[in-house]
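The values are calculated or read from the model by the stated rules, or taken from the named source; none is laboratory data. Just so we're clear, the structure is a prediction, and the values are computed from it rather than from any experiment. Here Cβ is always computed from backbone atoms with ideal geometry, including for glycine, and neighbour counts include all displayed protein chains.
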Amino acid sequence: MSLYALKPRFQALLRPRVTRMAERGTTANQVTLAAAAGSLVVGLGVAWLSDLRILFLLLPVWLAIRMALNAIDGMLAREFGQKSLLGAYLNEIADVVSDAALILPFATLPVFGPFWTGAVIVLAVISEFAGVMGPLVGASRRYDGPLGKSDRAFVFGALGLWIGLGLPLPGWFAWLMPLAVLFLTLTIVNRVHKGLREARAEQAQQWQEP
């Protein structure tokens, strides 16, 4: 299960705005770069000024905006003929860079610490790499959970909201990052397993065709 399953409904809400953006000449690559630039500014800024806990409120706000921008760039590419090889590279690279920047601020908090937060960042990157590997083995691009990009946005957005509101950080919060590591590991295994299963099914179907 993953929040990615809700994407079609989210796209339906955005479609009128995307249509107007396309009519004004906005390109998918411009939106992709804007999302990455905004993520770097917000993530690095909050990490740099992490003593001001109220700034963590920027994370849930920006993560929601970033999800919208990610949906918009995909819709512009698919529905308005803006697919490009450069766009494919930008989309995947921008996603992992943005993820790393937006998770980074949590490393500055003693309850989470740099080790486990760094492990989450590394595994988030690997999980996306596992998803991208799908087409290389004859499967689709895999978005399986339980901790895909949309799920991470929800989890770290909720954490940012909690911290930004100045709510207490009890000791058991220290287990949240190891738990994220576990779920990211399951995500990687899930994407590899389902990618292989899909690719093998496709190969079997090709062999059966006359």
**Request:** Scan segment 140-157 for residues that are within 23 Å of Q205 (Cα to Cα), polar (S, T, N, Q) and crowded, with 19+ Cβ neighbours inside 10 Å and jot them down.
**Result:** none
**Request:** Mind listing just one residue for me: the one in segment 1-31 that is of a type in the set (D, E, K, R) and more than 13 Å from I72 (Cβ to Cβ) and, of those, modelled with the highest pLDDT?
**Result:** E23
**Asked** In this structure, does L184 turn out to be under 30 Å from L58 (Cα atoms), buried (at least 16 other Cβ atoms within 10 Å of the Cβ) and in contact with a Ser or Thr (Cβ under 6 Å, 6 or more places away or on another chain)?
**Response** yes
**Request:** Would you be able to tell me the number of residues in segment 114-139 that are of a type in the set (S, T, N, Q) and either within 16 Å of V189 (Cα to Cα) or surrounded by fewer than 15 Cβ atoms within 10 Å (Cβ to Cβ) (or both)?
**Result:** 1
**Asked** Where in segment 99-210 are the helices (runs of 4 or more DSSP H), entirely inside, with at least 3 residues that are in contact with a Cys (Cβ under 8 Å, 6 or more places away or on another chain), without any contact (Cβ under 8 Å) to a residue 60 or more places away in the chain and aliphatic (A, V, I, L, M)?
**Response** none
